[in-house]
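Let me begin by presenting the structure, written as C-alpha cells, before commenting on it.
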Amino acid sequence: MIDEATTRARLAPDDLPELLVHLGFHDDDAVEAVGFADRLRRSRSDVAAVARMASLLTEGVGRLRNRDAVPDPWADLPDGREDLAILALLASVPEVRAEHARRQIPDEISWGSLADLGQQISVNRRTHGRFGLDTYGWMRTAWSGGLMWLGRLQFVPKPTAEGWMLDTHIPASGPLTPESVEESFTAASLFFARHFPDTPASAFLCTSWLLDPTITQLLPPASNLAQFQRRWSLAASGYQSDESVLYFAFNVRSDPEDPIDVRTLTPRTSLQRAVAEHLTGGGHWYAWSGTAPLPDATAARVTS
Ligand SMILES: CC(C)(COP(=O)(O)OP(=O)(O)OC[C@H]1O[C@@H](n2cnc3c(N)ncnc32)[C@H](O)[C@@H]1OP(=O)(O)O)[C@@H](O)C(=O)NCCC(=O)NCCS
C-alpha cells in the first residue's frame, strides 16, 4: 500500500531527477516529468489518484502467474491524464526494485530493465510529438518485476499451455542484427535459469508484427527483419494487426474504427515503402506468435 504521504515523498523534487536518469528518461522528458510531479503536489485529488494507482501496480509486482487476476491500475485513469500513470509508475519503483533485489538481480540489469519507461516515453514523443505514455497498458508487464532487458532484447517469463516460456520483446533501440539476437538469447537463457528458477522456461516465445511472413516477401533475405522472422516456428495463424505495423514502422496511431489513409504517409525506408504499397494494394498485416528453441546447454539443464 502506497499512501499519499509516501507518494509525495517519492516524487519530491530533490530525488526525482536522479531517479529519472536511472529510468532512461531523455532530458526533455525528464524536465516535463519534474514539472508534472511539481504540479501534482498542489492537487490533493491527483495525489490520491496516483497513490491508488501506484498501490494497485504493486499488487502485480512479483506475480508472473495468473496476470489476468491482477487488478488493473489504470481502470479509473481519466482520459488525457497519462501524466498520472507516469507518476504512479515512478512512485512504485521501490517495490519493483525490491522484487529485483529479492531475485538477486544485479543493479545494472535492474535499472536497465526499468529504463523501459524512459524508452516508452521517448517513443511516445516520436509518435505524438509530446510528453506522454500511450503504452501505459504495457508498463504493467515491465512493472511486474519479471521483464528483463538483456542486450538487444527484453524477456519476461510467461506461463503457457506448454509450460513457462520466455516472452520476447523488441524495443526500438537500434538495428536487430542476428548477432545481437543470438547474444541476447544466450544471455537470457542463462540469466533466467539463475534468477528465475521458479519459472523454468522451455523455449522463447514472441507475438509480433515482426513475425508476419509477409516481411520475408517484402525485404531481402539478408535483412535483419527477414532473418529475425525466420528464426521462429509459427503458430497456425496470425491475427490482423494493420495498426501494429503502422505504429511500429511509421510511428502513427491508427484506429481500427477510423483507420489512417496510408496514402497520406510519406515512406522513407524500404520497409515503409513496401508496407505502404502492401496496405494500399488491399493487403493486411498480421501479428503472429512463434516459438524458438533455447540455446542447447540451457534447454538440457531445464529439462534434466
Ligand atoms: C526491429 C527493428 C529494430 C528492425 O530494424 P533493422 O535492424 O534496421 O531492420 P532491417 O535492417 O532489416 O531494415 C530493413 C529496412 O527496413 C527499414 N526499417 C526497419 N525497421 C523499421 C521501422 N521500424 N520503421 C521504419 N523502417 C524500418 C530499415 O531502415 C531498412 O530500410 P532501408 O533499406 O531503406 O535502409 C525496427 O523495426 C524497430 O526498431 N522496430 C520497432 C520495435 C518493434 O517493432 N518491436 C516489436 C513490437 S511487437
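The values are calculated or read from the model by the stated rules, or taken from the named source; none is laboratory data. This is a predicted model, so every value here is computed, not measured. Cβ coordinates were reconstructed from backbone atoms using ideal geometry, including for glycine residues, and neighbour counts include every protein chain displayed.
Overview of results
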| read-out | value |
| --- | --- |
| Criterion violated by THR160 - all others in (1) within 27 Å of PHE25 (Cα to Cα); (2) more than 15 Å from the ligand (Cβ to nearest atom) satisfied | (1) |
| Verdict on GLN229 being surrounded by fewer than 18 Cβ atoms within 10 Å (Cβ to Cβ) and not charged (D, E, K, R) | no |
| Test: LEU87 is part of a helix (DSSP H, G or I) and either of a type outside the set (A, V, I, L, M, F, W, C) or in contact with a helix residue (DSSP H, G or I) (Cβ under 9 Å, 6 or more places away or on another chain) (or both) | yes |
| Meets criteria (without any contact (Cβ under 8 Å) to a residue 60 or more places away in the chain, assigned by TED's automatic domain parsing to the domain that holds ARG231, away from the ligand (no atom under 16 Å from the Cβ) and farther than 20 Å from PHE248 by Cα) for ALA187 | yes |
| Hits in the stretch 176-209 (condition: among the basic types (Lys, Arg) and surrounded by 19 or more Cβ atoms within 10 Å (Cβ to Cβ)) | none |
| Residue count, the stretch 94-108 (criterion: at negative phi and either in a loop (DSSP other than H, G, I, E, B) or of a type in the set (Gly, Ala, Ser) (or both)) | 5 |
| THR298 vs. criteria more than 9 Å from the ligand (Cβ to nearest atom), surrounded by 13 or more Cβ atoms within 10 Å (Cβ to Cβ) and at pLDDT below 95 | yes |
| Failed item in (1) out of contact with any Phe, Trp or Tyr (no Cβ under 9 Å at 6 or more places or on another chain); (2) under 30 Å from THR199 (Cβ atoms); (3) of a type in the set (Ser, Thr, Tyr), with TYR239 passing the rest | (1) |
| Residues satisfying the stated conditions in the stretch 227-271, i.e. near the ligand (Cβ under 9 Å from one of its atoms) and either among the charged types (D, E, K, R) or not in a loop (DSSP other than H, G, I, E, B) (or both) | GLN227, PHE228, SER244, VAL245, TYR247, PHE248, ALA249, PHE250, ARG268, SER270, LEU271 |
| Residue within the stretch 163-171 that is surrounded by fewer than 21 Cβ atoms within 10 Å (Cβ to Cβ), away from the ligand (no atom under 15 Å from the Cβ) and in contact (Cβ under 8 Å) with a residue 12 or more places away in the chain present | yes |
| Residue in the stretch 75-83 that is of a type in the set (A, V, I, L, M, F, W, C) and part of a helix (DSSP H, G or I) present | no |
| Selection from the stretch 208-226 of residues that are within 11 Å of the ligand (Cβ to nearest atom) and either touching an Asp or Glu at 6+ places or on another chain (Cβ under 8 Å) or part of a loop (DSSP other than H, G, I, E, B) (or both) | ASP212, LEU219, PRO220, PRO221, ALA222, SER223 |
